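Every number in this text was worked out from the coordinates using simple rules, so none of it is lab data. The shown structure was predicted, so the numbers you read here are calculated from the model rather than taken from an experiment. Every residue, glycine among them, receives a Cβ derived from its backbone with ideal geometry; neighbour counts consider all protein chains shown.
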Amino acid sequence: MNNTREVEVVVIGAGQAGLSSAYHLRRTGFEPERDFVVLDHSPAPGGAWQFRWPSLTYGKVHGMHALPGMELTDADPERPSSAVIAEYFTAYERAFDLRVRRPVDVRAVREGVDGRLLVETSDGTWSTRALINATGTWDRPFWPRYPGQETFRGRQLHTAQYPGPEAFAGLRVVVVGGGASGTQHLMELAPYAAATTWVTRSEPVFREGPFTEDVGREAVALVEERVRQGLPPKSVVSVTGLPLNDAVRQALANGVLDRQPMFERITPEGVEWKDGRRVDADVILWATGFRAAIEHLAPLKLREPGGGIRVEGTRAVADPRVHLVGYGPSASTIGANRAGRAAVRDIKRLLAEEPVAA
């Protein structure tokens, strides 16, 4: 244990949820490096935003909410969101002296001694009384499996690897996925591609009218209920439907958003449906979402039989020392801010009690 450093709280991840948590730790009297440490495996500030495709400008971002204590002002809507938000996060870390350690890969979180947790990383081991897990989903793109997938002669890529629309010039593209990313990709690349086909597992739902606070609350409540039951969380977006704006209306009218049911198999030349209909393709773009990046928590055995971690608020029901922020209902930017504050409030209560040996 000689090489193990001790702190009160370890925060894993420095995206919106991690920085919000670190801010609230500082605000309530915790000192960085002495009382808490923030570990981030990304090479630079910006969370998952720094990896977004260049054509996703700041003006196209829906619901980017400022971090607590510092507004994001005067951002140029025409600049890539990756640059705008990376600069904002950099300034935020500096303004509040959060001292994020990066790049640090967290390999495992295990039971330690005297009621502590051991966080094993590429930068050594940390012993902590509480853990805030804010690892998000970007590092776990979900790739569905279909018969014949390995035979496809074209290129397959995921939203996480999307390079921007110009890369699809003159190509026949099948876009799989009925979420916001799938529709954005389609509308962007359709003017460049030779042909596009949109495939989704279920009929997409388009939402008329503004995204009100009530709609948001209802969506969050549905996701919250899933994590309370220990089921894998769905994204908040998945239960709100797709906003029916002018660009979407135009894409529906001109046939770009002409949804096809899910194909049955992938062939060397493209995709094939149950009735024998085929579409030839050069590229299959999987806009099929992400899963929570929580494999490093496996040694703690927090998963329920349903496949998820049961969470009340932000606290893992199976272990009150572990808080999941940016997981399930707090996966939106405003949700991550609130969850960071809630996690720190609970952790302060936990640490005020005498530690109990495991």
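The angle between the Cα long axis of helix 213-228 and the longest principal axis of the Cα atoms of the chain comes to about 70 degrees, rounded to the nearest 10. Taking amide hydrogens as placed 1.01 Å from N in the peptide plane, the amide H of residue 155 sits under 5 Å from those of 283, 284, each at least 5 positions away in sequence or on another chain. With the gyration tensor restricted to C-alpha atoms of the chain, the semi-axes of the equivalent ellipsoid amount to 39, 22, 19 Å, longest first. For segment 264-342 versus segment 1-46, the inter-centroid distance based on Cα atoms is 24 Å.
Quick one: longest stretch of the chain between exposed loop chymotrypsin sites (Phe, Trp or Tyr not before Pro), exposed meaning at most 16 other C-beta atoms within 10 Å and loop per DSSP? In the chain, the maximal stretch lacking such sites is 1-141. Which angle between 0 and 90 degrees, to the nearest 10, do you get for helix 16-27 versus the longest principal axis of the chain when only C-alpha atoms count? The helix 16-27 is inclined about 20 degrees to the chain. For the chain, a crude dipole built from +1 on the beta carbon of Lys and Arg and -1 on the beta carbon of Asp and Glu, taken about the Cα centre, is about 540 debye to the nearest 20.
By the helix-only formula, in which each DSSP H run with n ≥ 4 contributes -39500 (n - 2.57) and the sum is divided by residues, the chain has a 222 nm mean residue ellipticity of -7000 deg cm²/dmol.
Summary: within the chain, the longest segment free of GluC sites (Glu not before Pro) located in DSSP loops with at most 16 other C-beta atoms within 10 Å is 79-207.
Within segment 47-156, the trypsin sites (Lys or Arg not before Pro) that combine a DSSP coil assignment with at most 12 other C-beta atoms in a 10 angstrom radius are 145, 153.
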